[in-house]
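In what follows, a single structure is set out as structure tokens and then discussed.
The values are calculated or read from the model by the stated rules, or taken from the named source; none is laboratory data. The structure presented is a predicted model; accordingly, all values stated were derived computationally and were not measured. Positions of Cβ are generated from backbone atoms using ideal geometry, with glycine treated the same way; all protein chains shown enter the neighbour counts. Calculation scope for accessible area: heavy atoms of the full protein, side chains included, ligands and nucleic acids excluded. Shrake-Rupley method; radii C 1.70, N 1.55, O 1.52, S 1.80 Å.
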Amino acid sequence: NNPYRAYITIIEGCDKACAYCVVPVTRGRERSRGSDSILDEVRRLAAAGYTEVQLLGQNVNSYCDPGPGRRSFAELLAVVGEVPGIRRVRFTSSHPRDFTADIVTAIDTHPTLCDHIHLPVQSGSTAVLRRMQREYTREQYLEKIALIRRARRAISISTDVIVGFPGETEADFEQSLTLLEAVQFDAMFSFKYSPRPGTAALALDGQVGDEEKGRRLVVLQALQREIQQRRHAALVGTVHEVLVE
């Protein structure tokens, strides 16, 4: 109900084959809106007094413009950020497989694009990522993080992590902990794996007990809390503009 922020769905459905995800079952295949239609909506919102827009999609950076402009996702970010009256542009959630350097360049170039990227990793173990059908490795994910860290602007990074995915060993879980230490995320959404009807993960062996999943989640969240406290402490004495909700 914020009178200054508007949310715009630019891509619906999902073509990614993540083994735990119900979105392809419930929402169908990916469908992108034409960029001209999106821009028209942003201009109407700006005229109505909105100053911030957030572009939404299950894998928002998989956007594929069906309109005559054939804009890439980075190009769409740029033109939305240039609409008069719009002071902030956000987007979520990005898929690491489709995260490219031109997105970072767009953020660097356009001050209206917020210096924040949500890049869900789900697990720090390549073996678990393969079972999840995430289509990238731990090393490839860290390469995407390196792209972001090389930006001229300091860009905050948040993520999603699942613990207790079928077959996740203690060593796999430790890989998630070491990934948190390596990346130093600014925020994290974390979950215990839970079965969902129609997903490929239902057929996987190696189900992790609920008590063990709970233990791993507590350990993961405690580490992230320490990381965030350190990062927050570094901001003491600095001044930032905020949008209060």
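Does residue 38 satisfy the criteria of being in contact (Cβ under 8 Å) with a residue 40 or more places away in the chain, of a type in the set (Val, Ile, Thr), outside any strand (DSSP E or B) and surrounded by 16 or more Cβ atoms within 10 Å (Cβ to Cβ)? Talk me through it step by step, then tell me what you get.
On the way: in contact (Cβ under 8 Å) with a residue 40 or more places away in the chain: yes; of a type in the set (Val, Ile, Thr): yes; outside any strand (DSSP E or B): yes; surrounded by 16 or more Cβ atoms within 10 Å (Cβ to Cβ): yes.
Against the criterion (in contact (Cβ under 8 Å) with a residue 40 or more places away in the chain, of a type in the set (Val, Ile, Thr), outside any strand (DSSP E or B) and surrounded by 16 or more Cβ atoms within 10 Å (Cβ to Cβ)), residue 38 qualifies.
Given the conditions (1) modelled with pLDDT under 95; (2) open to solvent by 50 Å² or more (accessible area, probe 1.4 Å), which single one is not true for residue 182?
Failed condition: (1).
Run residue 16 past the list (1) buried (at least 19 other Cβ atoms within 10 Å of the Cβ); (2) touching a His at 6+ places or on another chain (Cβ under 7 Å) and report the number of the one that doesn't hold.
(1)
With respect to the numbered conditions (1) open to solvent by 20 Å² or more (accessible area, probe 1.4 Å); (2) farther than 19 Å from residue 58 by Cβ, which one is the sole condition not fulfilled by residue 166?
(1)
Condition check ((1) closer than 24 Å to residue 141 by Cβ; (2) out of contact with any Lys or Arg (no Cβ under 9 Å at 6 or more places or on another chain); (3) without any contact (Cβ under 8 Å) to a residue 24 or more places away in the chain) across all residues:
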| site | (1), (2), (3) |
| --- | --- |
| 60 | yes, yes, no |
| 95 | yes, no, no |
| 105 | yes, yes, no |
| 110 | no, yes, no |
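Considering only the stretch 193-231, state which residues are modelled with pLDDT of 95 or more and open to solvent by 60 Å² or more (accessible area, probe 1.4 Å).
Hits for the stretch 193-231 are 210, 211, 215, 218, 221, 225, 226, 229, 230, 231.
Could you list, ordered by first residue, the pairs with Cβ atoms under 6 Å in which the first is in the stretch 65-86 and over 10 Å from residue 113 (Cβ atoms) and without any contact (Cβ under 8 Å) to a residue 40 or more places away in the chain and the second is open to solvent by less than 10 Å² (accessible area, probe 1.4 Å) and not in a helix (DSSP H, G or I), at least 6 apart or interchain?
71/65
Kindly indicate whether any position in the stretch 54-75 is closer than 30 Å to residue 201 by Cβ, surrounded by fewer than 20 Cβ atoms within 10 Å (Cβ to Cβ) and of a type in the set (A, V, I, L, M).
yes
Given (1) among the charged types (D, E, K, R); (2) out of contact with any strand residue (DSSP E or B) (no Cβ under 9 Å at 6 or more places or on another chain); (3) at pLDDT below 95, where does residue 245 come up short, assuming only one miss?
In the conditions (1) among the charged types (D, E, K, R); (2) out of contact with any strand residue (DSSP E or B) (no Cβ under 9 Å at 6 or more places or on another chain); (3) at pLDDT below 95, residue 245 misses (2) alone.
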